[in-house]
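A.B. asks: Please see the structure below; I have some questions.
The values are calculated or read from the model by the stated rules, or taken from the named source; none is laboratory data. As the structure is a prediction and not an experimental result, all values here were calculated from the model. Here the Cβ positions follow ideal geometry from the backbone for every residue, glycine too, while neighbour counts run over all protein chains shown. Only protein heavy atoms, including side chains, enter the accessible area calculation; ligands, DNA and RNA are left aside. Shrake-Rupley method; radii C 1.70, N 1.55, O 1.52, S 1.80 Å.
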Amino acid sequence: ILSVGGNMATYIVLASALAVIQFWVIPFLINVKNLNWQMSNRDESLDDSVLLKRARRAGANILETLPIYLVFCLLSIIEAKDISEPAFYWLILRVIHGLCYLLGIAYVRTLAWLGSLVCLIVMGLSLI
């Protein structure tokens, strides 16, 4: 399902799924003990665990570059240009980034983020 040179539509779906998992599913599962609060109007705040705070930051972080990634993927389909290799590596690096964020591995997380940024730059330049 995921390989270098794969289908761009597949990458778009996988990137969207990754965003949902990082932004919603992981924080929800970490905070499942507060299910009643999650189903409420959330008028009161809870003390979040360090892990939950990390998960929320990782989820917010992917939303910063996901729109650019999706636009580049769509443009590559419209323009019939192959940017599948940097698109593939962006996905892999974003998974690594999210895992490192959760596990508190700062330096590897930063390298994964920088690598994913380079992938976006390569994708954009390939579309010019």
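A.B. asks: Has segment 118-128 got any residue that is touching a Ser or Thr at 6+ places or on another chain (Cβ under 7 Å) and either within 21 Å of Thr10 (Cα to Cα) or not β-branched (Val, Ile, Thr) (or both)?
C.D. replies: Checking segment 118-128: at least one residue is touching a Ser or Thr at 6+ places or on another chain (Cβ under 7 Å) and either within 21 Å of Thr10 (Cα to Cα) or not β-branched (Val, Ile, Thr) (or both).
A.B. asks: Could you tell me which residue of segment 74-88 is least open to solvent (accessible area, probe 1.4 Å), considering only residues that are touching a Gly at 6+ places or on another chain (Cβ under 7 Å) and over 17 Å from Ile62 (Cα atoms)?
C.D. replies: Filtering first and then ranking leaves Ser84.
A.B. asks: Being farther than 18 Å from Tyr11 by Cα and surrounded by fewer than 20 Cβ atoms within 10 Å (Cβ to Cβ) is the filter here; which residues of segment 89-112 pass it?
C.D. replies: Passing the criteria: Leu99, Leu102, Leu103, Gly104, Ile105, Ala106, Tyr107, Val108, Thr110, Leu111.
A.B. asks: Now for a separate question. Assess whether Trp24 counts as being crowded, with 16+ Cβ neighbours inside 10 Å, in a helix (DSSP H, G or I) and in contact (Cβ under 8 Å) with a residue 24 or more places away in the chain.
C.D. replies: no
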